[in-house]
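**Student:** First the structure, then my questions, so here it is.
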Amino acid sequence: MTLDLARLAQRRAALESRLAHATAALREAQRKDDTRRKVIAGAALLAAVREGVVPAGTLAVLVGRMSERDAALFADAMAVPSHETEGTDQ
């Protein structure tokens, strides 16, 4: 009986370890998917602003809600002329 309990305790520990690893792998995959979603959405927004599909003011509003450090990453994107202003004499 004691031997069976020890063997069962070992199996339990092994299963708990496998469960912990599987849970960690799932969290990591979810984090990677979330990051990928953000990158793709950001790229789509920047392209849409460049193409004039989305007004540049939309990007300006979003950048205005960011920290200074994050907003600084968009300085060059904010300077790129959109189709709205291209070819007009201002």
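**Student:** Can you give the direction-averaged projected area of the convex hull of the alpha-carbon atoms in the chain, in nm²?
**Tutor:** Projected over every direction and averaged, the Cα hull of the chain covers 8.7 nm².
**Student:** Mind listing the long-range amide H neighbours of Gly52? Cut-off is under 5 Å, sequence gap 5 or more, other chains count too, H placed in the peptide plane at 1.01 Å from N.
**Tutor:** Counting only residues 5 or more places away or on other chains, the set is His83.
**Student:** Let me see the pair-distance distribution of region 1-42: every alpha carbon pair, 5 Å bin width, integer percents in order.
**Tutor:** Whole-percent P(r) values from 0 Å outward: 5, 22, 12, 14, 10, 8, 9, 6, 6, 4, 3, 2, 0.
**Student:** Have a look at Ala47, Ala6, Val61 and report the one farthest towards the positive end of the charge dipole of the chain, computed about the Cα centre with Cβ charges (Lys/Arg +1, Asp/Glu -1).
**Tutor:** Ala6
**Student:** Pop out the ³J(HN,Hα) list for region 49-62 in order, Karplus 6.51 cos²θ - 1.76 cosθ + 1.60 with θ = phi - 60°, rounded to Hz; leave Gly and Pro as x.
**Tutor:** 5, 4, 7, x, 6, 10, x, 4, x, 5, 5, 4, 5, 5
**Student:** Say each of Arg50 and Asp4 gets a label point 7 Å from the Cα, pointing the same way as Cα to Cβ; how far apart are those two points in nm?
**Tutor:** 6.9 nm
**Student:** On a full-extension model of 0.36 nm per residue, what is the gain between Leu15 and Met78, subtracting their alpha-carbon distance, rounded to one decimal in nm?
**Tutor:** 17.4 nm
**Student:** Arrange the peptides 47-53, 20-26 so that the one whose residues have, on average, the most other Cβ atoms within 10 Å appears first.
**Tutor:** With the highest mean Cβ count within 10 Å placed first, the list reads 47-53, 20-26.
**Student:** In sequence order, what are the phi-derived ³J(HN,Hα) couplings for region 13-27 according to the Karplus relation 6.51 cos²θ - 1.76 cosθ + 1.60 with θ = phi - 60°, rounded to whole Hz, with x for glycine and proline?
**Tutor:** Values per residue, Gly and Pro as x: 4, 5, 5, 5, 5, 4, 5, 5, 5, 5, 5, 5, 5, 5, 4 Hz.
**Student:** About the Cα centre of the chain, how large is the charge dipole given +1 on each Lys and Arg Cβ and -1 on each Asp and Glu Cβ? Please answer in debye to the nearest 20.
**Tutor:** 920 debye
**Student:** Continuing with this model, one more query. Whole-Hz ³J(HN,Hα) for each residue in region 6-12, computed from phi via Karplus 6.51 cos²θ - 1.76 cosθ + 1.60 with θ = phi - 60°, x for glycine and proline: what do you get?
**Tutor:** Along region 6-12, the couplings run 5, 5, 5, 5, 5, 4, 4 Hz.
Computed from the coordinates by the stated procedures, all read-outs in this text should not be read as laboratory data. Quantities reported herein were computed from a predicted structural model and do not represent experimental measurements. Using ideal geometry, Cβ is built from the backbone for each residue, glycine included, and neighbour counts are taken over all protein chains shown.
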